[in-house]
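Structure record follows, encoded as structure tokens.
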Amino acid sequence: MDTDVLVVGAGPTGLMIACELALAGVRTRVLERRTERRRDSRALTLHPRSMELMDMRGLAPRFLALGRPVPGWHFAGLPTRLDFTALDTRHGYTLFLAQAHTEALLEQRAGELGVEISRGYETTDLRQDDDGVVLQAHGPAGAETLRARYAVGCDGARSTVRQAAGIAFPGTGETLTGVLGDFAAVGADPAALEAARAQGVLIAPLEHGLTRFVYIDPDRMRIPSKEPVTLEEFRTSLERICGSDCAVADPQWLSRFGNATRLADTYRSGRVLVAGDAAHIHFPAAGQGLNTGLQDAMNLGWKLAATAQGRAPVGLLDTYNTERRPAGRAVTENTEVQTLLAELTLLPQYQRPAAALRALLDQLLQLGEVNHLLAEQISALGTAYPPAEPSADPLIGRRMPDVGLTVADSEAERVHELLVRGRFLLLDLTGSIPRSPAPALGQNSHLTAHTVLRHDEHADLNGVTEILVRPDGHIAWATRTSDAHTLVSQRTTALATWTGATAEADV
């Protein structure tokens, strides 16, 4: 086969997966129905965990050069903001960046890694057998039959790949819609804009002099999302909501979006996997959709690469579903809560109790622990994957803190700098430089081992002697033993479990 993996869809999720596969040396081709990148941008934010993912691959500076950091975010539009600056991360902000830029940067990176991106290809069918996947597509030259060992559907809510694989997509249909518009001209004075914001209208400046307005009109919130939005409707709704149409003019994009919420029954069916909107859809509350897709991609990329290259331990690829589907469910549930709070506020019979409920929740958000909990959920920094054994070290499955380091055989100064090549990372945290586990393990394209001296105190790491970090930055194994025999035994088991190595020399 000319291709190991076919990725259907060149949005952020598909491009991120392609980058991860190519980084590991997997032959990857992306098929995209559109002939050009989208100019409009529904998503506008990269949350802290997404920025950590970019940092782990050395891409954060590219995104920071184009985006604008915003230190606080929101839950259900409540007045008290979520404080991202208090989170345990170097990226305590949401990066305000149009989705079009995110896609352009990831496409640039995919090109650097040798990914083939084929535009103008519409996938029409797919079937699989014991050896691979056969995909039917209609491209610029007509109908084509493509074959690969695996296929990943990143082709949106109506995913052809998901449907052809027989993966069910249960959930709730659309019952509420909102409207957004990007305008080149806004003639309202600041007081009118503040009045609109006070009535729940989101107003955000974009690049090229555009301004985005987003609202839910109580009189129009049952209009199906497929119905086009007109400038006249937009102005009329703004007038009704806040007493002014804000003198919006010259619309560059008008769109209606709904609250249909669905979660794939499984993220894997044999040699076919789904990610991003092909796996989960929801109302865009708190801007979590694109970010969740990027995290799907980071989780899947290294696992699929190891499987495609025949070096994965048994069951590794199945952990993509067991880890990411619960994460998808958590996002769909918290967006349903946020949407319900918004909808109740708009219904006359519930406006008084809904306002009281929102006031109560806003008071709770002013409590540091509550604010921190929801900030971790929305930012995805709180995402932890359950360990295989309940008795495992509490660090296993959690994010590896990006602590400062002195590394015996590297110029890196932070953990994330040691993950740029997408390898497993084994760290001896005893600080006994220059002793290192590296000579016993060998260095290859799948694992890097270092002895380090920590500069940053981090309570979670106190007492840890060795730690194995997965390519996606989550902790695969940690030990607090100082007994050499026990340590080697535990390490050998961990490496076999996660890398498939039968002996330390194999990794």
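Couplings 3J(HN,Hα) for segment 318-327, derived from phi with the Karplus relation 6.51 cos²θ - 1.76 cosθ + 1.60 (θ = phi - 60°), are 5, 5, 4, 5, 5, 8, 8, 5, x, 5 Hz, where x marks Gly and Pro. The simple spin-label model puts a point 7 Å past each Cα toward its Cβ; for Arg62 and Thr230 those points are separated by 4.3 nm. Estimated at 0.36 nm per residue, the fully extended path between Leu373 and Tyr350 surpasses their Cα-Cα distance by 5.5 nm.
Fewest Cβ neighbours within 10 Å first, please rank Phe234, Phe63 accordingly. Don't jump to the answer; show the numbers that get you there.
Numbers: Phe234 22, Phe63 19.
Ordered from fewest to most neighbouring Cβ atoms within 10 Å, Phe234, Phe63 come out as Phe63, Phe234.
Dipole orientation for the chain: of the candidates Met221, Met298, Cys19, Met221 has the Cα lying most toward the positive pole (charges on Cβ; Lys, Arg +1; Asp, Glu -1). Rounded to the nearest 20 debye, the dipole size of segment 177-258 about its Cα centre is 300 debye, using +1 on the Cβ of Lys and Arg and -1 on the Cβ of Asp and Glu. Find which of Gln252, Ala476, Pro386 sits farthest along the positive direction of the dipole of the chain, computed with +1 on the beta-carbon of Lys and Arg, -1 on that of Asp and Glu, about the Cα centre. Farthest towards the positive end: Gln252.
Ser482 to Ala330: FRET efficiency via 1/(1 + (r/R0)^6), r the Cβ-Cβ distance, R0 41 Å, to the nearest 0.05? Please list the in-between numbers first.
Details: r = 37 Å, r/R0 = 0.90.
E(calc), rounded to 0.05, equals 0.65.
Dipole of the chain computed with +1 at Lys/Arg Cβ and -1 at Asp/Glu Cβ about the Cα centre; of Pro140, His47, Gln490, farthest Cα towards the positive end is Pro140.
Quote the Stokes-Einstein diffusion coefficient, in whole µm² s⁻¹, for the chain, based on the Kirkwood radius over alpha carbon pairs, a temperature of 10 °C and a viscosity of 1.306 mPa s.
Values: Rh = 24.2 Å.
Diffusion coefficient, whole number: 66 µm²/s.
The C-alpha atoms of the chain define a longest principal axis, and helix 99-112 lies at about 30 degrees to it. Calculated mean residue ellipticity, 222 nm, the chain: -10000 deg cm²/dmol, from DSSP H runs (n ≥ 4) at -39500 (n - 2.57) each, averaged per residue and rounded to 500. Taking amide H as placed 1.01 Å from N in the peptide plane, Ala449 has its amide H under 5 Å from the amide H of Leu426, each at least 5 places away in sequence or on another chain.
Suppose every K and R has +1 on its Cβ and every D and E has -1 on its Cβ; what is the size of the dipole of the chain about the Cα centre, in Debye to the nearest 20?
Details: 49 positive and 61 negative charges, 105 e Å.
Magnitude of the dipole: close to 500 debye.
Loop-located trypsin sites (Lys or Arg not before Pro) across segment 392-429 with a Cβ neighbour count of 16 or fewer within 10 Å are Arg421, with loop assigned by DSSP.
Just order 468-479, 401-412 by mean Cβ neighbour count inside 10 Å, highest at the front, would you? Display every interim value, and only then the final one.
Details: 468-479: 22.7, 401-412: 16.8.
The most tightly packed comes first, giving 468-479, 401-412.
Sort Thr430, Thr493 so the one with the fewest other Cβ atoms within 10 Å of its own Cβ comes first.
On the way: Thr430 14, Thr493 11.
Least crowded to most crowded, the residues run Thr493, Thr430.
Sum up the charges of everything whose Cβ sits under 10 Å from the Cβ of Glu466, counting Lys and Arg as +1 and Asp and Glu as -1, but leave Glu466 out. That sum, taken over residues with Cβ under 10 Å, equals +1. Counting Lys and Arg as +1 and Asp and Glu as -1 over every other residue whose Cβ lies under 14 Å from the Cβ of Gly114, the net charge comes to -3. The angle separating the long axis of helix 289-308 from the principal Cα axis of greatest extent in the chain is about 30 degrees. Per residue, the average separation of C-alpha pairs within less than 8 Å and at least 6 apart gives the chain a relative contact order of 16 percent.
Read-outs throughout are calculated quantities, based only on the coordinates presented, and are distinct from any laboratory measurement. These numbers come from a predicted model, not from an experiment. Here the Cβ is made from the backbone with ideal geometry for all residues, glycine too, and neighbour counts use every protein chain on show.
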